[in-house]
Amino acid sequence: MTTKKMAIIATKGTLDMAYPPFILASTAAALGYEVQIFFTFYGLQLLRKDLSDVMISPLANPAMPMPIPMPVMVQMLPGMESMATMMMKNKLKKHGVASLEELREMCLEMDVKFIACQMTVDLFEFDKKEFIEPVEYGGASMFFGFAGETDICLFV
Amino acid sequence: MNFNKEFDASGMSCPLPIVKTKKALVDMESGQVLKIIATDCGAVKDMQAFANQTGNTLLSNTEEGGKYIFFMQKK
């Protein structure tokens, strides 16, 4: 049986959009897939050692279920983002959903390969020392070398 | 049913039961049986799909008082 492969392009750096790449990658790895995630633009935030800046905002996110309806004017108030993030993290914990840190660690344990887009690392002036290891740095061509041979390729 | 190792995934949500089942199987030998306990109802279909795709055998799949019990034989 040849090994199946999956590639994911992670472009978002909010708490809600951080979960799908790590959940799908760890699951695929558990099923025996060889997996690579290409982190670009805001997705690079997911490679930082400290994930406390990965937050969720109810603002411009009308599909987010809220305990009480909240007017946009209220969503704009200072502190709302931290509050929404705290509430979401509590909800995730209550439902037995792993933390991002835990899922990311499991991906690495199962040999999921993380690739950071060199261009956007430079563009946003990220300090590589802030990123976890192991992370490889490369561009789109390098990623396509793997992605072109995958069974599943997702853009998140 | 006899089993060689037990993994309790009670309270865990997707994808933890599957990912940690995979990890629990790593240091087991071919033919040995892993008992898995889960409370996430999504695990029922996921565990069957995991077995189908990895070649391990799901020997049984039962529910007891809100808990799902699986016996997985390593290939």
Report the extension gain between B:K45 and B:D8 in nm, rounded to one decimal, defined as 0.36 nm multiplied by the number of residues separating them, less their alpha carbon distance.
-> 11.6 nm
Taking 7 Å along the Cα-to-C-beta vector as the label spot, tell me the A:H95-B:K67 distance in nanometres, rounded to one decimal.
-> 2.4
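Report the FRET efficiency, 1/(1 + (r/R0)^6), for A:M76 and A:Y137, where r is their Cβ-Cβ distance and R0 is 41 Å, rounded to 0.05.
E(calc), rounded to 0.05, equals 0.65.
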Counting only DSSP beta bridges with both residues in segment B:5-73, tell me the antiparallel percent, nearest 5.
-> 70
For the pair B:Q53 and A:E149, how long in nm is the line joining their label points, each one 7 Å along Cα→Cβ?
-> 2.0
Expressed as a whole-number percentage, the relative contact order of chain A with C-alpha contacts under 8 angstrom and at least six residues apart is 37
Taking r as the C-beta separation of A:K4 and A:K49 and R0 as 35 Å, the FRET efficiency to the nearest 0.05 is 0.70
When the Karplus curve 6.51 cos²θ - 1.76 cosθ + 1.60 is applied with θ = phi - 60°, which whole-Hz ³J(HN,Hα) does each residue of segment A:130-140 get, with x for Gly and Pro?
-> 7, 8, 6, 10, x, 10, 9, 10, x, x, 4
Scan segment A:1-83 for trypsin sites (Lys or Arg not before Pro) in coil per DSSP, keeping those whose Cβ has at most 11 other Cβ atoms within 10 Å, and list them by number.
-> A:K49
Quantify how strongly other chains surround peptide B:11-18 by giving the mean number of their Cβ atoms within 10 Å of each of its Cβ atoms.
-> 6
Collect residues whose amide H, placed 1.01 Å from N in the peptide plane, falls under 5 Å from the amide H of A:F131; neighbours closer than 5 in sequence don't count.
-> A:K49
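Out of the total accessible area of segment A:32-156 (probe 1.4 Å, heavy atoms of protein only), what percent is carbon and sulfur? Present the calculation step by step, with values, prior to reporting the outcome.
Details: 4510 of 7440 Å².
Percent of accessible area from carbon and sulfur atoms in segment A:32-156: 61.
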Interface B:A - total buried accessible surface [probe 1.4 Å, Å², rounded to 100] | 1200
For A:C117, B:C41, give the ranking by accessible area with the largest first, probe 1.4 Å.
-> B:C41, A:C117
Fraction of beta bridges assigned by DSSP in the protein assembly as shown that are antiparallel (%, nearest 5) | 40
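The values are calculated or read from the model by the stated rules, or taken from the named source; none is laboratory data. Because the structure is a prediction, the values reported are computed rather than measured. Cβ sites come from the backbone with ideal geometry, for glycine too, and all protein chains shown count toward neighbours. SASA here: full protein model, heavy atoms, side chains in, ligands and nucleic acids out. Shrake-Rupley method; radii C 1.70, N 1.55, O 1.52, S 1.80 Å.
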